[in-house]
Amino acid sequence: MSEPQDKGADYYAKGSAELATESALLLNKLSQRLELTKGDERLVIVLVGLPGRGKSFIARKLENFLPWIGSDCKIFNVGKYRRQAEEGQNASADFFDTKNASAAALRQEVARLALEDMLNWIDEPFENSHNGGAEGGNPFAPKPAVKGRVGIFDATNSTKERRDWVLKECTCGIKRAGKPTGVIFIESICNDADLMRENLMTKVSTSPDYAGVPIEEAMADIMIRCEKYEEAYETIEDDEISYIKIFNLSSKMMVNHIYGMLAKSVVPALMAWNIGTRPIYLCRPAAADTSKGSGSGGSSRRQRQTLVMSKIEGLDEVGQEFKNALNKFMRKECLDFADRRRNEMVKPKSKINKGSLFSSNGGLGHHLTKSLSKFGLEDCDGDDDEPFPCHIATSTIPRACQTVAWKDMPSKALSNFNPLDKGEFTGMSMDDIAKNDPEWHERYVEDPFYTRFPGGECQADLMLRLEPMAICIEQQVEPVLIVSHTSVLQAFVAYFRNSPPEKCMHIDLPLNTVFKFTPVKGGGWQETQHCVLSEEKLNTIAE
């Protein structure tokens, strides 16, 4: 006879043990989720918001991020169509007055043209699409038969009438028969007056509408333009559609009927993206001591042994020198960054609440002051438990970890940053692979991005492994250093350069060099390269 169960304890630990059932009510609730979780080949992202709210910033970040994770993406900016229709004549605020009938007709026409071009692009057949598992295809390639394609409709789309029109045009069962298209709306809302003014300053300094216009005049005009839009602006309230609302540059987010890829990838990315100025540093690990791998045996065997040993051995003399040089470089870079940020906060023109920023209870200014004090750049009373102002992460390979084994600068070792897994071919050069398995090598030469190593990964698999790491890097507000390996860094360099991910394997990554990526206001990154261990120093070590 079984022991009586303590139903109370079981309830709190596991809840009901009854099998889940689906009632008509539950199925009705799940129907829209089922519809929106389908893997649509076509997706339209409709941006919504008043001028200067960051819509185009979001569009550019999406246009960079989505191709990196496997979807084609293109922006269709209605403002660009409007400027082409005006033949170079810059529109004043009166053009956006709802009472201006001729201007309203032109705005609707250019929106129609942009939407038509976007849908035509979405419907274009993919070149070289193939099914990796199909007969005659590449059995090593996981590439899907058809990639996803995402069109971004970048405009204010400020009224319910305009949004309903866009939704109808994209999903009409007659016009778009056989072309199922998902539609989501992303509304960017900014109700912080100081933040909005800063955004508008950035907009008028770069917008073609204000080329050659004095900044004061441009700001006056765009403020009137915003007022014209606000007269007719209607925020999204229809909970039957899929939408994401972003408040004050992702300080708050509201999500409605967002499932599938959007929930897994786009929502976390939107939450991570920010307009901070923190730089991102990428570099390969210091050189490993592979002298133990030079024993007897054939040359290819010695080479393979050396490559495998490089994963588990510590640093050689050159590696130690690079470790020290990288430490010196990063220490100066990050403390200079912290010092610049602190000086910006205490400028007389700054309107921020300095009392809250530098209070003893916390705040970014207080954090920076403590960091600078601990590392000898600022006088400050307080605890010495403040971490170095940099997030450092490496692969789990010992030489990568040892490269950043620095005092007072903690790091994290994460397997996501481990190099591409070559499976059965681990430690073999491509020449050896070509000799041992010419059929696989031929497939690889034909399609290096999607051809998977037997028992291992392909570059496309690696991108999926790195996706959460890219989001994690983007969300930081302090400098980031990633010490990883060629395949991983090629993927990240392609991301920050906004270059085609399928060609990332051709990116050159010299040893003893740090790649620095600094954000620019438009959403991209400025690249510089820094050789921290000179040829002269290497020659001195060799002697």
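The values are calculated or read from the model by the stated rules, or taken from the named source; none is laboratory data. Every value quoted in this text rests on a predicted model; they were computed, and no experiment measured them. Every residue, glycine as well, gets a Cβ built from its backbone with ideal geometry; the counts of neighbours run over all protein chains shown. The accessibility values were calculated without ligands, DNA or RNA, using every heavy atom of the protein model including side chains. Shrake-Rupley method; radii C 1.70, N 1.55, O 1.52, S 1.80 Å.
Worth a mention:
- Near the amide H of residue 315, within less than 5 Å, lie the amide hydrogens of 289, all on another chain or at least 5 residues away, with H placed in the peptide plane.
- Unsatisfied cross-links (Cα-Cα over 28 Å) in the set 228/521; 99/168; 61/328; 323/412; 74/252; 99/179: 61/328; 99/179
- Bins of 10 Å from zero: percent of alpha-carbon pairs in the stretch 449-543: 13, 42, 29, 14, 2
- Computed P(r) (all Cα pairs; the stretch 214-282; 5 Å bins; percent): 3, 12, 15, 14, 16, 15, 13, 8, 4, 0
- Magnitude of the charge dipole, the stretch 385-543, Cβ model with Lys/Arg +1 and Asp/Glu -1, debye to 20: 360
- Taking all protein chains as shown and a probe of 1.4 angstrom, residue 253 keeps an accessible surface of around 50 Å².
- Formal net charge of residues neighbouring residue 494 (Cβ-Cβ distance under 11 Å; K, R +1; D, E -1): +1
- Rounded to the nearest 20 debye, dipole of the stretch 181-235 from Cβ charges on Lys, Arg, Asp, Glu: 200
- Amide H contacts of residue 48 (H built 1.01 Å from N, under 5 Å, at least 5 apart or other chain): 186, 187, 188
- ³J(HN,Hα), Karplus 6.51/-1.76/1.60, whole Hz, each residue of the stretch 439-450, x for Gly, Pro: 5, 5, 4, 5, 4, 5, 4, 5, 8, x, 6, 9
- Net charge dipole, the stretch 203-246: roughly 320 debye, given to the nearest 20, about the Cα centre with Cβ charges of +1 for Lys and Arg and -1 for Asp and Glu.
- Vicinal HN-Hα couplings computed from phi for the stretch 333-341 (Karplus, 6.51 cos²θ - 1.76 cosθ + 1.60; Hz; Gly/Pro x): 4, 6, 6, 5, 4, 4, 5, 4, 5
- Residue 111 sits among other residues whose Cβ lies under 9 Å from its own Cβ, and their net charge, with Lys and Arg +1 and Asp and Glu -1, is +3.
- Sulfur and carbon atoms: percent of accessible area, the stretch 444-532 [1.4 Å]: 54
- Extent of the stretch 171-266 along its three principal axes (Cα atoms, max minus min coordinate, largest first): 50, 33, 27 Å.
- The residues packed around residue 471, meaning those with a beta-carbon under 13 Å from its beta-carbon, carry a net charge of +1 if Lys and Arg are +1 and Asp and Glu are -1.
- Of the residues 468, 522, 494, the one whose Cα sits farthest toward the positive end of the charge dipole of the stretch 414-537, with +1 on the Cβ of Lys and Arg and -1 on the Cβ of Asp and Glu, is 522.
- To the nearest 10, the accessible area of residue 271 is 120 Å² with a 1.4 Å probe.
- When peptides 334-340, 80-86, 51-57 are ranked by their average number of other Cβ atoms within 10 Å per residue, the highest-first order is 51-57, 334-340, 80-86.
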